[in-house]
Amino acid sequence: MSRAGLDKRPQEVAAMFDGVAGRYDLTNAVLSGGLDRTWRRATAAALDLRPGLRVLDLAAGTATSSRAFAEAGADVVACDFSLGMLRAGQRRLAEKPLATGPRVVLTAGDGLHLPFPDAVFDRTTISFGLRNVADTVRCLSELRRVTRPGGSLVVCEFSRPVWGPWRTVYLEYLMRALPKVARTVSSSPDSYVYLAESIRAWPAQAVLADLLREAGWSRVTWRNLTGGVVALHRGHVPD
């Protein structure tokens, strides 16, 4: 198969995610040892959700996180540029509908050109998708554009383990074990070679914080999860 390079050509990246959509959530659970659920819960807690808030979940994939946000009472727009992912999410929502009230709306869209007016969301978030866009600052700027004054952003993304020995073990796992494990569970195991490469090439926590500030976010902070394997970055739009 054609594997997307680290120049992140949008059509190739979208096609790659179309190819893994069918078993995406299962593969992530296996590769993370179940920690993906912990990371999703931490993201939802950082968003400080409550009934009536409108949330944009960018790079929503199969809408697993979007569903959890809606169950917390928020109205959620799940946006992704992979139609295969969105179709998988639509099937799952149809198989197990949400209770009456908050809803999840699935929308195809590019993070560099979000199909929404200015200042329409109370919360915006992107989990494990920011490193797949071709222009990080532009995507963060688009997220800021669609966030209301007083609103906030949460970015959940792979990062750099802060303890040197653990960082070495982790990077060896990424490049050696992860693709091998993916072959046993994924519908498109070659895609996980790209996953490992993209994680290794991703900037450390402080560098990503600077990119958020460059995109116009204020009060930028971050918190490490699992020793820095993942980090939650937060930013705000002034009132």
Worksheet entry | Peptides ranked, highest mean first, by Cβ atoms within 10 Å: ranges 53-66, 204-217, 128-141 | 53-66, 128-141, 204-217
Worksheet item: With each label point set 7 Å from Cα along the Cα-Cβ vector, what nm distance links LEU35 and ARG87?
Response: 3.3 nm
Worksheet item: Roughly how many nanometres apart are two label points built 7 Å out from the Cα toward the Cβ at GLU95 and VAL207?
Response: 3.9 nm
Item to complete: Note down the net charge around GLY150, summing +1 for each Lys or Arg and -1 for each Asp or Glu among other residues with Cβ under 13 Å from its Cβ.
Response: +2
Item to complete: At 0.36 nm per residue, minus the direct Cα-Cα distance, what do VAL162 and PHE116 gain on full extension? Give it in nm, one decimal, please.
Response: 12.9 nm
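Every number here is computed from the coordinates shown, using simple stated rules; none is lab data. Being a predicted model, the structure only gives us computed values, none of them experimental. Ideal geometry is used to build each Cβ from the backbone, glycine not excepted, and the neighbour counts take in all protein chains shown.
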